[in-house]
1. Taking segment 58-101, which residues are part of a loop (DSSP other than H, G, I, E, B) and either free of Cβ contacts under 8 Å to residues at least 40 places away in the same chain or more than 15 Å from the chain's Cα centre (by Cα) (or both)?
2. Return yes when S49 is exposed (fewer than 15 other Cβ atoms within 10 Å of the Cβ), in contact with a helix residue (DSSP H, G or I) (Cβ under 9 Å, 6 or more places away or on another chain) and farther than 17 Å from Q120 by Cα and no when it is not.
3. Quick one: in segment 102-114, of everything that is touching a residue at least 24 places away in the same chain (Cβ under 8 Å) and open to solvent by less than 70 Å² (accessible area, probe 1.4 Å), which residue is nearest to G31 (Cα to Cα)?
4. For segment 3-57, name all the residues that are assigned to a helix (DSSP H, G or I), within 13 Å of the chain's Cα centre (by Cα) and not β-branched (V, I, T).
5. Just one of the numbered conditions (1) closer than 23 Å to H109 by Cβ; (2) surrounded by fewer than 15 Cβ atoms within 10 Å (Cβ to Cβ) is not true of V64; which one?
Amino acid sequence: MDEKLVEADLIVSSYNNGEAVVQILSFLNKGSVTPTNVHIADDGSSEESRNQIQSKLSEFSIPVTCHWHEDQGFRKARILNEAIRACESNYVVFLDGDCLPHKHFVRDHLTMAEKGYFVQGRRCFVQEDQVVSLLE
């Protein structure tokens, strides 16, 4: 049996939704297990959206690296590949920029991680007033 993984880098894909990315970082920061590093894979967001994220980075204890390229249409895979190349952990978790992670999101991934396999999850649609319960 392989030794259990204890660290993971997390990649958040984003496009013109800086406010949501800041919320995701806040949820990750309060998680039961935090990722070793977070990489924002930004597919050409506006300067305003990028500034929303940059202005809040000092509030988080998790190291965050932003990867951005110019908006030339949908090139999400290209920016994701750039973020993957920058990862330092031997396990990578992906999260879409419009999904808020549960407080055990990273922990659960590491618990299920197994060399040579990948874990796929589903998102649940919740009402805005239910978001607070994600942290409980």
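1. We begin by selecting, within segment 58-101, every residue part of a loop (DSSP other than H, G, I, E, B); these are 60-63, 69-75, 87-91, 97-101.
Selection gives F60, S61, I62, P63, H69, E70, D71, Q72, G73, F74, R75, N90.
2. Values: exposed (fewer than 15 other Cβ atoms within 10 Å of the Cβ): no; in contact with a helix residue (DSSP H, G or I) (Cβ under 9 Å, 6 or more places away or on another chain): yes; farther than 17 Å from Q120 by Cα: yes.
Considered against the rule, which asks whether it is exposed (fewer than 15 other Cβ atoms within 10 Å of the Cβ), in contact with a helix residue (DSSP H, G or I) (Cβ under 9 Å, 6 or more places away or on another chain) and farther than 17 Å from Q120 by Cα, S49 comes out as no.
3. Going through the qualifying residues, I end up with K103.
4. If the condition is that a residue be assigned to a helix (DSSP H, G or I), within 13 Å of the chain's Cα centre (by Cα) and not β-branched (V, I, T), then G18, A20, Q23, L25, S26, F27, L28, N29 are the ones that fit.
5. (2)
The values are calculated or read from the model by the stated rules, or taken from the named source; none is laboratory data. The structure presented is a predicted model; accordingly, all values stated were derived computationally and were not measured. Every residue, glycine as well, gets a Cβ built from its backbone with ideal geometry; the counts of neighbours run over all protein chains shown. To get the accessible areas, we keep the full protein, side chains included, count just its heavy atoms, and leave off ligands, DNA and RNA. Shrake-Rupley method; radii C 1.70, N 1.55, O 1.52, S 1.80 Å.
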